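Readers should treat all values here as calculations from the given coordinates under stated rules, not as data from a laboratory. As the structure is a prediction and not an experimental result, all values here were calculated from the model. Note that we place each Cβ from the backbone using ideal geometry, even for glycine, and neighbour counts take in every protein chain shown.
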Amino acid sequence: MYQESGLNPGSRESNGIGLGLVQWSYGRRNQLEEFAAIKGKEATDLYVQLEFLVKELKAGRQLSGTYASMFANPYSVDEATEAFCWGFERPSAAHANMANRKKQAWAAYYRNVDR
């Protein structure tokens, strides 16, 4: 999420299509906006986006197959990062910047390891 939006729920892709923490696009963005509207909130609301993210992950449609297994039982922070990137966020390989994704994931892990 850090790579996609800088953890800013109001972040928008330069083309205006992607929105939020994970840059929901197209049909998934529409679903996020509908979900927010039902709650009487804006789609850019942090808590709406987190709730929607959990809903998507629990539904198992967005993150499925090998990536779902890797994310549910990761061998390492690197593996969890790759699974979430390729299985959930699905950026183009040219824009994935996996090194930065892993760096941010490890930083978050170390900030929370003793909690």
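Values for this structure:
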item	result
Kirkwood Rh, Cα atoms: Rg over Rh of segment 1-62	0.93
Flagged links, alpha-carbon separation over 30 Å, of Lys55/Lys103; Lys41/Lys102; Lys39/Lys102	Lys41/Lys102; Lys39/Lys102
Lys, Arg +1 and Asp, Glu -1 on Cβ, resulting dipole of the chain about Cα centre, debye, nearest 20	60 debye
Amide proton proximity set for Trp24, modelled H, under 5 Å, gap of 5+	Leu19
Cα-Cα separations in the chain greater than 21 Å, expressed as whole percent	38 percent
Most to least packed among 16-27, 70-81 [average Cβ atoms within 10 Å]	16-27, 70-81
About the Cα centre, charge dipole magnitude for segment 53-115 (Lys/Arg +1, Asp/Glu -1 at Cβ), debye	200 debye
Proximal charge balance of Gly40 [Cβ under 15 Å; K/R count +1, D/E count -1]	-3
Computed [θ] at 222 nm, helices only, for the chain once each DSSP H run of length n ≥ 4 contributes -39500 (n - 2.57)	-16000 deg cm²/dmol
Stokes-Einstein D (µm²/s) once Rh is taken as the Kirkwood radius of segment 64-115 over alpha-carbon pairs, at 10 °C in 1.306 mPa s	140 µm²/s
Extension gain from Met98 to Tyr47, taking 0.36 nm per residue of separation minus the Cα-Cα distance	15.7 nm
